[in-house]
1. Given Cβ point charges of +1 (Lys, Arg) and -1 (Asp, Glu) and nothing else, what value in debye, to the nearest 20, does the dipole of the chain about its Cα centre take?
2. Name the residue, out of Asp118, Asp69, Asp161, whose mean-square fluctuation peaks in a Gaussian network model built on the chain with Cα pairs under 10 Å.
3. Order of 97-108, 17-28 by packing, highest average Cβ count within 10 Å first?
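Derivation of every value follows stated rules applied to the coordinates shown; laboratory data play no part. The model shown is predicted, which means the values in this text are computed figures rather than measured ones. Note that we place each Cβ from the backbone using ideal geometry, even for glycine, and neighbour counts take in every protein chain shown.
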Amino acid sequence: MPAKKQITKEMILSTAMELLRSGGIEEVSIKALAKKLGCSTQPVYLSFDSMDALRAELGPMAVDFFLRDIKADSGAEAKLSGMGYIQFAQREPALFRFLFMRSHAFTELKAALTPITDRSITRLMEKYQLDREIAHFLHDQLWMHSHGIASMIATGFCTWDMHKVARMLSECEEVFMQKYGGDQ
């Protein structure tokens, strides 16, 4: 009878998520995982034949963490613009950078983010009586504005007070609504 696996795939992924959250994707390596787990690299390679395979499973875990975090924080639905998104960048800068500031990240995450985007567009259509095309454009404008603020916070470029950020977002939405002519 073969020996029971002491280092499980779930343990490896959990540890990889810890490393990702604390230091970014640069900190996630086979050697770093083995060291943190207190084992050789063999158990990691038995569960994942490469770092690419591990990263392929780590990406959806990171998205799930993001969705749970901003929903728990805001008590509302997840969206890619607004305070929840920015506060996530403040609380989880390394994870935010992994999810939203890597080359090709959107391509990798598009399937997970599309339902969030669609709900946000529908919310804007209902709130301001906009057609889908204008609501989609407005969503992208608001996301771009939120993403700029979140990126500056996640990289340590600035440390704005969240009251100021909330005011900036509110005024941004007001200005865009004046431009696009939605009913408030």
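1. 660 debye
2. Ranking Asp118, Asp69, Asp161 by mean-square fluctuation puts Asp161 first.
3. 17-28, 97-108
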